[in-house]
Structure formats: C-alpha cells, structure tokens
Amino acid sequence: MAGEIDDAIERADREAFTRQPPKTLQARINFLMKQLKTTKAVAAELGISQRSVERYRKGERKHPPQAIADRIDAAVRKRWQPQVRRRRRKQAATTTGITVETRARFGYTAPIGTTDDGRFRRLTVHLPPTYAQRLFNARDAGASDQQMRGIITEGLKEIYFQDGGARAMGLSDVTLNDIDYLDLDY
C-alpha cells in the first residue's frame, strides 16, 4: 500500500497534466493496450481475466465493479503523460524546489531549558531543489514512507526550525508524527 508521502507525490504529479486522461472505460482500456501491448499484460496489471479486458475493449461491458474501475483509473493515471511528469520533476529537482504543506505533530530534541514537547503545527514551507531531488531519488529506489518522511523532516528542520542556520542551532532530531494531512507542490 502506498504511503502518505507517495500519495502526495502522485497528487502533485496529477496536477501537472496538460490534458485529462481518457474518460470512458473503452478509451481507458485502449490506452492501456497501447502502453502494455497485449490483453494478457493489461489483465495481469489490473488483476482481472483476459476475457474481461476484451469485453471492456469491445464495449460489451461498460460498468465494471467499483474496485476494478478504481484499478483501471489508477493504471491509466500512472502511465499518463510521462514526459510532462519527468520535465516537472526535473525542474523541481534542479531549480524550483518543492513546497510542503502539512498539519502534523512535530517533536524534537532541544537544549536544556527549552521545551521539546511535540505539538501540532500547520506549516507551508518551500524546500530547496536538493530535497526535491533526494525525495524523488528515494521514491524511485523504492524507499519506505518512513524514509521519505525523514527527508522531508530534515528539510523542515533546516529551513523552518533553524532558518537555514540563523537560529535554533542546538535543535536536533526533529520528528514528524500524527500527520493530519500532507500535500506537496512542485
């Protein structure tokens, strides 16, 4: 199952679409056929029978069960406009960076005499391109949600809590817990 960070990256990717994916079931199946080449490959991707794929493709069946419709939608969106996604990710990783908006419980280890109690904060922070690059590389390498969360947390620590080295230099081990929501934009 995809994690919160993975889902946020997928949502940000969808926002990059310059054209909407096919709407009808038949058009979606035909798109998957173009991508995967055979009904057998499409059936394996969707977890349905090859015959069902053929029926959807010919228009003999127009209303699949909701679970299958969701899998078809996800498979199409995953493959839709790969060049647009790559271009936008490359731009984020080299020049523009990534914006993280979240409401979560942040905790940290701080010097004696200061409070280190975790509390909910709502943050919108723009992270530099290096963090975007690290996040995309980790996702492509199959990193867990916890590992990707660590990259974002490190960026929030440096940019938000320490203000790029201008304050809170004794702050260490920032943690991101109890995520209410997390959204990425690039």
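Things to note:
- Inter-label distance, ARG14 to ASN30: 2.4 nm, where each label sits 7 Å from its Cα along the C-beta direction.
- Heavy-atom accessible area per residue - the stretch 120-162, 1.4 Å, Å²: 48 Å²
- Taking a sphere under 12 Å around the Cβ of ARG61 and counting the other residues whose Cβ falls inside, with K and R at +1 and D and E at -1, yields a net charge of +3.
- A straight chain from GLU154 to LYS40 at 0.36 nm per residue would run longer than the Cα-Cα distance by 36.7 nm.
- On a per residue basis, the stretch 1-91 carries 62 Å² of accessible surface, using protein heavy atoms and a 1.4 Å probe.
- Solvent-accessible area, 1.4 Å probe, carbon plus sulfur percent, for the stretch 14-79: 48 percent
The values are calculated or read from the model by the stated rules, or taken from the named source; none is laboratory data. From a predicted model like this one, the values you see are computed outputs, not experimental measurements. Using ideal geometry, Cβ is built from the backbone for each residue, glycine included, and neighbour counts are taken over all protein chains shown. For accessibility, only protein heavy atoms count, side chains too; no ligands or nucleic acids. Shrake-Rupley method; radii C 1.70, N 1.55, O 1.52, S 1.80 Å.
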